[in-house]
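The values are calculated or read from the model by the stated rules, or taken from the named source; none is laboratory data. In this text, all values refer to a predicted model and were calculated from it rather than measured experimentally. A quick note on method: Cβ atoms are made from the backbone with ideal geometry, for glycine too, and the neighbour counts reach across all protein chains shown.
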Amino acid sequence: MTSEASPRAAVEEREAGPPAETGVPSPGALVVVLVGTFITVLDFFIANVAVPAIRTDLHAGSTEAQLIVVGYGVAFTAGLITGGRLGDIYGRRRMFVLGMTLFMLASAGCSLAQSVDVLIVARIAQGASAALMVPQVLGIIGTVYTGAARDRAFNVYGLVIGLAGVFGQFIGGALITIDVAGLSWRTIFLINVPLCLACLAFVRRTVPESRGTGGARLDLTGAVLITAALGLIVYALVEGQSRDWPVWVWECLAGAVVLLALTVLHLRRRAAAGRGPLIEPVLFRARVFSVGLAATVVYFLAMGSFFFILALYLQSGRSLSPLESGLVFLAVGAGYFGASIVSARFAAKVTAKTVAGGPLTLALGYGLVAWTATELGTTGSVLWLLPPLLLAGLGMGLTTGPLTNLVLSAAVPEHAASASGLLNTAQEGGAAVGVAIAGTVFFPALTDAGSADAYPHAFAVTLVPLIAFCVAAAVMVLLAPGRAARH
């Protein structure tokens, strides 16, 4: 199955309600929903480059710095599947409009925050709003477009995701450097307001309403259990390193394990009763899906957290401006898009063995980045980092799309929507938890070093577990059956 076919299957399975208005597909609908997609993905990554400025302005500690990024990611992750179900039940356009409105208000709250606590709360509200808006996008695209137009729309969708994720650091750096009206980091949140207003002005005239198949029910218990489990894990990891791992932190982690076990039991019972569980347990019977999903979580632990620690190293450790830091990130972007183009051309030939080469390439790139940073110290030219960063970007591009395709290829059509939602949750959750794990290594290593080279040392040390995650992801993919993704 090609990279476009998987999301198309997810959409077609969820389309059932009244058909959308027929006629010539409106390009305006694609623009509107992809702007919404862009800003929600962007806001996870763009905050990385602003963290040093936020810490200085709001006097935030290391724990608060992580929560600015992680709080958004956890709220986003925990609500994705529930958000998709709400769109199926109450209408995708309606939930998209509600999500974008709330996202706009939360963004304004972020830009106006006068304390780090207020900013964290507003970021969590942003993530929850994004979880309501983003799951509707694939359904809306599949409703408005058909045939070749739908294929092109999904291609653009994938490109927008990559642009937002990889170039978020550069965009954030440029906005902070321009420093409109002396707002500094606040502009990265404030810019969402006019973009959302523009989309909201056109959404009702360009996007038709649609709903999912009959019988969809909101599994509120499942949503609460999953949200609580993920929240406990991240909170324990973030607070543990700053409080020297007290007993209650381990109790939180143990409680999260219990909640996950209860979640599995609840989902099985709900599925057996035919009541539409939040996640379909039958999906995990396919080894490619279950192993690939686990590999996705582990891979995103390594990918999402890298941007966080690289931004801290470049700005706080090397005294680069946000714009200069963003320019360095372009090396990762160049590698990512180069590899993505190659991967797209050979999407039909993707197997577990070929996918495993991606995280191994990323591990090699991280290793070279760590070695180079250690050798440069705080005085060597940062330009020496560009080649290993380019290699790391290649690894990301060789992994993200092909791994997604491999996992979704194992989902039977009737459960494609649930599979897509679960995969999105694995990606966003892995990135959020990865930031928390990276913080538990980076900040203590920074304190222990106590020298002029503290930041290069902490950066290199933190890359060690990220390299291990990459290798683990490759091994896990190889454990999956080595069959090609089906067409």
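Filtering the range 279-293 to residues that are within 21 Å of Pro359 (Cβ to Cβ) and surrounded by fewer than 19 Cβ atoms within 10 Å (Cβ to Cβ) leaves Arg287, Ser290.
Filter the range 279-302 for residues that are over 21 Å from His266 (Cβ atoms) and not charged (D, E, K, R) and give the result. Across the range 279-302, the qualifying residues are Ala286, Val288, Val291, Gly292, Ala295, Thr296, Val298, Tyr299, Phe300, Leu301, Ala302. There is at least one residue in the range 36-47 that is modelled with pLDDT of 85 or more, touching a Gly at 6+ places or on another chain (Cβ under 9 Å), among the charged types (D, E, K, R) and assigned to a helix (DSSP H, G or I). Of the residues contained in the range 41-64, none is found to be in contact with a Lys or Arg (Cβ under 7 Å, 6 or more places away or on another chain) and either in contact (Cβ under 8 Å) with a residue 24 or more places away in the chain or not assigned by TED's automatic domain parsing to the domain that holds Gly139 (or both). Taking the listed residues Ala60, Ala108, the one that is surrounded by fewer than 22 Cβ atoms within 10 Å (Cβ to Cβ) and assigned to a loop (DSSP other than H, G, I, E, B) is Ala60, with no other qualifying.
Here is a yes/no grid of residues against (1) surrounded by fewer than 20 Cβ atoms within 10 Å (Cβ to Cβ); (2) at positive phi; (3) at pLDDT 80 or above:
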{"site": "Trp185", "(1), (2), (3)": "no, no, yes"}
{"site": "Gly212", "(1), (2), (3)": "no, no, no"}
{"site": "Gly215", "(1), (2), (3)": "yes, yes, no"}
{"site": "Val258", "(1), (2), (3)": "yes, no, yes"}
{"site": "Leu265", "(1), (2), (3)": "yes, no, yes"}
{"site": "Ala272", "(1), (2), (3)": "yes, no, yes"}
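When Leu175, Leu230, Leu159 are checked against the criterion of being modelled with pLDDT of 80 or more and either out of contact with any strand residue (DSSP E or B) (no Cβ under 9 Å at 6 or more places or on another chain) or surrounded by 15 or more Cβ atoms within 10 Å (Cβ to Cβ) (or both), Leu175 stands alone in meeting it.
Taking the conditions exactly as written (assigned by TED's automatic domain parsing to the domain that holds Phe469 and either farther than 26 Å from Leu389 by Cα or in a helix (DSSP H, G or I) (or both)), does Ala271 satisfy them or not? No.
Take the residues in the range 432-457 that are among the small types (Gly, Ala, Ser) and buried (at least 24 other Cβ atoms within 10 Å of the Cβ); name whichever of them is modelled with the lowest pLDDT. Filtering first and then ranking leaves Ala432.
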